[in-house]
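Visitor: Before I ask anything, let me first share the structure, which is written out below as structure tokens.
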Amino acid sequence: MRVGGKHYRTVWMEDHVVYFIEQNLLPFEFRIQQSLHYRQTCEALRTMQVRGAGAIGALSGFAMAQAFLEAKEHNDSSLIEKARVEIESTRPTARNLFYAVEKVHSAGLVSSAMAVGEAQSVANKDAEDCRKIGEYGNSLIRDGFRIETHCNAGWLAFVDYGTALSPLYLAHSEGKDIFVFVDETRPRSQGARLTAWELHEEGIPHTIIADNAGAWLMAGGKVDMMITGADRIAANGDTANKIGTFEKALAARALGIPFYIAAPLSTFDLNCKTGKDIPIEERSQEEVLYAEGPDENGDMRKIRLASPGSGAFNPAFDVTPAGLISGIITEKGIISATRDGVMSVTREP
Ligand code: MRU
């Protein structure tokens, strides 16, 4: 995607250095950071400087490749397994992380150069898969559609293009008249900060809505379809995505609105038979109790939103049962959210 006329990916690696767009500063500041060691890259994952399933996956692959390079440099092979455990403990829900680490780890057992090559392939494939998801998803979008989305499943959440937003970018570039309702997505506000910024940069008409406004808009006939991304999809089609997605799917079903998930096959986890097997990340209560943003002078401030003395519970994801999902848009086509649908695209050829 282009920012200020220049094409960027969210994450990339040159020699042993990993570069990434620092998402915690967006939309107020656009800054590229670099990470010289796998531990620094793990920190970027943990603190969500890079977030979103595909971007997490690509960055984790690069972290694993850095670990192989470091092990070679210090002649210390014990570092490799330690690094794998550390990388895998940063974000437990996003399937793409485990997918990428497994691939790069296997390649790295041959040579560190192979690890780097595999990490680059994982990142390139993520971008290409998302481009294809855009093409399949665009076939569902009619001129004049008003589309709701939750969280950020745009290009920032992947290496490029995004999943839920990729079809919207294509539809808009083809001249379809679309309008997007962007769920704010508390507690970290990925919708209000990141999705809104992406759509603004692309010139796509949109508005931010409070998380609790969706059902009312749907009931008023203002939403034609909903598309979200996914962090992990079980073998039966149950889908983990950002907390609040399940509520939207319930509202959409009750009100007869199509509800689609968009995700590459690297997000599917056949080891999870149903959504009950998907680990749900729990994050700090600080994210619920406080908010951060620039004051009137542009200085970043953190303010408390909640009653002093009260704590908060902060599950980062929920699971939408497959039965509420109208279809899953993948790089191999649009499938039903059923075991047969999932098997039709995940079975080896
Ligand atoms: O916690 P995050 O921001 O890494 O959450 C992941 C997501 O970006 C969303 O759940 C998204 O909708 C899934 S698609 C990347």
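The values are calculated or read from the model by the stated rules, or taken from the named source; none is laboratory data. Remember, it's a predicted structure, so these values are computed and weren't measured experimentally. All Cβ positions, glycine included, derive from the backbone under ideal geometry; neighbour counts span all protein chains shown. Please note that ligands, DNA and RNA were not included when accessible areas were found on the heavy atoms of the full protein model with its side chains. Shrake-Rupley method; radii C 1.70, N 1.55, O 1.52, S 1.80 Å.
Visitor: Can you say what percent of the DSSP beta bridges in the chain, counting only those with both residues inside, are antiparallel? Round to 5. Don't skip to the end; give the middle numbers.
Guide: On the way: 25 of 43 bridges.
Antiparallel bridges make up about 60 percent of those DSSP assigns within the chain.
Visitor: Helix-only mean residue ellipticity at 222 nm, the chain, DSSP H runs n ≥ 4 weighted -39,500 (n - 2.57), per residue, nearest 500. What is it?
Guide: Numbers: 11 runs with 125 residues, N = 349.
Dividing the helical sum by the residues of the chain leaves -11000 deg cm²/dmol.
Visitor: What does the accessible area of residue 217 come to, in Å² to the nearest 10, when a probe of 1.4 Å is used?
Guide: 30
Visitor: By the gyration tensor of its Cα atoms, with a ≥ b ≥ c the square roots of the eigenvalues, what is the shape of segment 46-133: rounded for a/c under 1.5, prolate for a/b over b/c, or oblate? Don't skip to the answer; put the middle values down first.
Guide: Working: a/c = 2.40, a/b = 1.43, b/c = 1.68.
Judged from the Cα gyration tensor, segment 46-133 comes out oblate (a/c at least 1.5, b/c at or above a/b).
Visitor: Determine the order of 216, 12, 197, 155 by accessible area, beginning with the largest, at a probe radius of 1.4 Å. List each step's numbers first, then the result.
Guide: Values: 216 200, 12 60, 197 30, 155 10 Å².
Greatest to least solvent exposure: 216, 12, 197, 155.
Visitor: I would also like to ask the following. With the other protein chains left in place, how much accessible area per residue, in square angstrom, belongs to segment 133-345 at a 1.4 angstrom probe?
Guide: Working: 8640 Å² over 213 residues.
I get 41 Å² per residue for segment 133-345.
Visitor: While we're on this one: Please work out the C-alpha center-to-center distance from segment 308-329 to segment 68-121 and express it in whole Å.
Guide: Between the Cα centres of segment 308-329 and segment 68-121 lies a distance of 30 Å.
Visitor: Loop only per DSSP, at most 10 neighbouring Cβ atoms within 10 Å: give me the trypsin sites (Lys or Arg not before Pro) in segment 244-349, ordered by residue number. Intermediate results must be reported in sequence, preceding the final value.
Guide: Numbers: sites: 248, 253, 273, 276, 283, 301, 302, 304, 332, 339, 347; in loops: 273, 283, 332, 347.
Answer by residue number: 347.
Visitor: Right, next: For the chain, what does the relative contact order come out to in percent, with C-alpha contacts under 8 Å and a separation of six or more?
Guide: Numbers: 754 pairs, mean separation 53.4, N = 349.
So the answer I get is 15 percent.
Visitor: Could you tell me what percent of the accessible area of the chain is made up of carbon and sulfur, with a 1.4 Å probe and every protein chain present? Walk me through the numbers before you get to the answer.
Guide: Numbers: 7520 of 14680 Å².
Using a 1.4 Å probe with all protein chains present, the chain comes out at 51 percent carbon and sulfur.
Visitor: Continuing with this model, one more query. On a C-alpha basis, how far is the centre of segment 220-249 from the centre of segment 129-148 in Å? Whole number, if you could?
Guide: Measuring centre to centre over Cα atoms gives 15 Å.
Visitor: Given DSSP loops and a limit of at most 13 other Cβ atoms within 10 Å, what is the longest stretch of the chain that contains no such GluC sites (Glu not before Pro)? Walk me through the numbers before you get to the answer.
Guide: Numbers: sites that count: 29, 174, 296.
Here the longest run is 30-173.
Visitor: Same structure again: Along the positive direction of the dipole of segment 133-345 (beta-carbon charges: Lys, Arg +1; Asp, Glu -1; about the Cα centre), which of 305, 187, 250 reaches farthest?
Guide: Toward the positive end, the furthest listed residue is 250.
Visitor: About the Cα centre of segment 133-345, how large is the charge dipole given +1 on each Lys and Arg Cβ and -1 on each Asp and Glu Cβ? Please answer in debye to the nearest 20. Before the final figure, lay out each step's value.
Guide: On the way: 19 positive and 29 negative charges, 117 e Å.
It comes to approximately 560 debye.
Visitor: Among 36, 69, 289, what's the order by accessible area (1.4 angstrom probe), most exposed first? Each step should come with its number before you reach the end.
Guide: On the way: 36 70, 69 50, 289 10 Å².
Listed by decreasing accessible area, they come as 36, 69, 289.
Visitor: Another question, if that's okay. For the chain, compute the number of Lys pairs whose alpha carbons are separated by less than 21 Å, excluding pairs fewer than 8 positions apart on the same chain.
Guide: 13
Visitor: Report, to the nearest 10°, how far helix 95-108 tilts away from the longest principal axis of the Cα atoms in the chain, using its own Cα long axis and a range of 0 to 90°.
Guide: Helix 95-108 sits roughly 20 degrees off the main axis of the chain.
Visitor: Picking from 321, 338, 289, whose Cα lies most toward the positive end of the charge dipole for segment 229-349 (charges on Cβ: Lys, Arg +1; Asp, Glu -1)?
Guide: Selected residue: 338.
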